[in-house]
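Report on the following structure.
The values are calculated or read from the model by the stated rules, or taken from the named source; none is laboratory data. Model, not experiment: these values are computed from the prediction. Don't worry about glycine lacking a Cβ; one is built from the backbone with ideal geometry, like all the others, and counts go over all protein chains shown. All accessible areas refer to the heavy atoms of the entire protein, side chains included, with ligands and DNA or RNA removed. Shrake-Rupley method; radii C 1.70, N 1.55, O 1.52, S 1.80 Å.
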Amino acid sequence: FGVRKIDTLRTLTTESLAVFMPFRVQEIRETNGIYYGQNVISKNMIIADRKKLLNGNSFILGVSGSGKSFTAKQEISSIMLKEKDADIIIIDPENEFAGLVKELGGELVEISSTSKNHINAMDMNKYYGDNSNPIVLKSEFVLSLCEQLMGKALEPQQRSIIDRCIKILYERILTTPVNERTVPIMSDFYTILKDQTDKEVHDIVLALEVFITGSMNIFNHQNNVDIDNRVQVYGLRDIGDDLESVGMLITLSYIRQKIIKNSAEGRCTWLYIDEFHTLMDKKYSRKYFISLYKKVRKLGGLCTGITQNVSDTVFDKDTAKLLSNSEYTMFLRMGPGDADVIIDAFDGKLTEAHLKYIDNAAPGTGLIRFGNIVIPMDNRIDKDNIIYDIFNTNFQEKAALRMAQREKEGNVG
């Protein structure tokens, strides 16, 4: 009622009062947004909608153990519950998202030489061309694939032969009656390739043999993956060094089809790439992904790169361009020297004052950059609940929790 019942009076200057009440605090609170933590300064919730940004693509940066995967899982869960017309795809080199995807009823696609999951490298759905000639696009993909398999750039004559075989393969299908058509696999392309009489064919055939009839023929099968599942994770942990580059390239091609299909049907696609630096280490998957990354936004999708190699990301010319064109960035705890590199990379957007929020930051805390707004955030949740247990990937913590649970149940000793 405005009645003063305390006799004590105190004079506060503006400077002194500002200590208790920040007069200028940046906030992000958007209608229909997702919760990203608490504003450390104002204690208000951070509610953001990446779709409202000019370019909603994103990076989550921080050292190992800083909470990168945990942060991504929180966003994925919110999207799954909030957006019924959105699909989520995760490239997971370390199988850190398998537990979450299982809880969400998603499709876990394990890619390895012993896996029962198969992705057909030669598959094309009706959306494949995205208003371009699908055969030309498939030819470009197969050329990259053959270069990856051969470990070197193709000679002009070899490129012409491969392009010729691809046209023969798919034109043959188009001339086959619809009720008799079958989706081609790599061995169909291989057979046509072997029939060519050019002397330059020999090296290509030899390089392809182990992937067609040998022990690495996992991509020479028809698809058996549920492409219509809303949540899909592609686990690459057990793929092996010999197949890793090829597997990444074929997986990206398959994901591209899904994103184009969703766009045609008016669905949004959220693409997450964990251990982003491993994808960029591969020459041909790097080139293919950069093209995809630029196109995702136009197809109604949003891409998120997750990496602990902060300095490498900034200093790599291609990755730095992707980073600078992404208007949403999560900065968690930085490694030695990373903070200074980040400030230089985001010239004018991050300052020395921001460093205290990422220097030795606790897991789940740091900075969130949303367009031109930068806010210190705290995105930690209580450890004593099932959500934390599902999201957590800290081996020591999970082992300690299991031990404590067994002790509680009286099963130890």
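Please state the charge dipole magnitude for the chain, taken about the Cα centre, from unit charges on C-beta atoms (+1 on K and R, -1 on D and E), reported in debye and rounded to the nearest 20. It would help to have the intermediate numbers written out before the result.
Details: 51 positive and 56 negative charges, 263 e Å.
Result for the chain is approximately 1260 debye, rounded to the nearest 20.
Which net charge results for the neighbourhood of Thr307, defined as the other residues with beta-carbon distances under 9 angstrom from its beta-carbon, given Lys and Arg at +1 and Asp and Glu at -1? Please report the intermediate quantities before stating the final value.
Working: positive: Lys68; negative: Asp274, Glu275, Asp312.
Every neighbour counted, the sum reads -2.
Just how many % of Cα pairs in the range 1-128 lie over 17 Å apart, if you round to the nearest whole percent? Write down the numbers at each step before the final one.
Values: 6111 of 8128 pairs.
Above the 17 Å cut-off, the range 1-128 has 75 percent of its Cα pairs.
Specify which residue in the list Ile166, Ser326, Ala153 is farthest towards the positive end of the charge dipole of the chain, using unit charges on the beta carbon of Lys, Arg (+1) and Asp, Glu (-1), about the Cα centre.
Looking along the dipole axis, the top candidate is Ser326.
What part of the accessible area of the chain, given as a whole %, is carbon or sulfur when the probe is 1.4 angstrom? Display every interim value, and only then the final one.
On the way: 10550 of 21150 Å².
With neighbouring chains kept in place, the figure for the chain is 50 percent.
Roughly speaking, what % of Cα-Cα pairs in the range 312-389 are separated by over 15 Å, rounded to a whole number? Can you show the working numbers first?
Working: 1772 of 3003 pairs.
Above the 15 Å cut-off, the range 312-389 has 59 percent of its Cα pairs.
Could you work out how far apart the two model spin labels at Tyr388 and Asn131 are, taking each label as a point 7 Å from the Cα in the direction of the beta carbon, and quote it in nm?
The two pseudo-label positions are separated by 4.9 nm.
What nm distance separates the two modelled labels at Gln157 and Asp198, each placed 7 Å from Cα along Cα→Cβ?
0.9 nm
Percent of Cα-Cα pairs more than 14 Å apart in the range 116-197, please. Spell out each step's value before the answer.
Working: 2211 of 3321 pairs.
Value for the range 116-197: 67 percent of Cα pairs lie more than 14 Å apart.
Which percent, nearest 5, of DSSP beta bridges in the chain are antiparallel? The partial results should precede the final answer.
Numbers: 15 of 45 bridges.
About 35 percent, rounded to the nearest 5.
Tell me what the chain gives for mean residue ellipticity at 222 nm when only DSSP H runs of n ≥ 4 count, each as -39,500 (n - 2.57), the sum divided by the residue total, rounded to 500 deg cm²/dmol.
Numbers: 15 runs with 172 residues, N = 413.
That comes out to -13000 deg cm²/dmol.
For Lys356 and Ile47, FRET efficiency with R0 = 35 Å and r from the beta-carbon atoms, rounded to 0.05?
On the way: r = 24 Å, r/R0 = 0.69.
After rounding, the FRET efficiency stands at 0.90.
Determine the principal axes of the Cα atoms in the chain, then give the extent along each, sorted from largest to smallest and rounded to whole angstroms.
Its Cα atoms span 102, 59, 42 Å along the three principal axes.
Remind me, relative contact order of the chain in percent, using alpha carbon pairs under 8 angstrom and six or more residues apart? Numbers along the way, then the final one.
Details: 630 pairs, mean separation 107.5, N = 413.
For the chain, the relative contact order is 26 percent.
If we count every other residue with Cβ under 13 angstrom of Ile91's Cβ, Lys/Arg +1 and Asp/Glu -1, where does the sum land?
On the way: positive: Arg237, Arg256, Lys258, Lys282; negative: Asp92, Glu94, Glu96, Glu110, Glu244, Asp274, Glu275.
That sum, taken over residues with Cβ under 13 Å, equals -3.
Just to confirm, what accessible area per residue do you get for the range 254-360 at 1.4 Å probe, in whole Å²? Intermediate values should be presented prior to the final figure.
Working: 4500 Å² over 107 residues.
Ligands and nucleic acids excluded, the figure is 42 Å² per residue.
I'd like to know which of Asn379, Ser144, Ile192 lies farthest towards the positive end of the charge dipole of the chain, counting +1 on Cβ of Lys and Arg and -1 on Cβ of Asp and Glu.
Comparing the listed Cα positions along the dipole, Asn379 ranks first.
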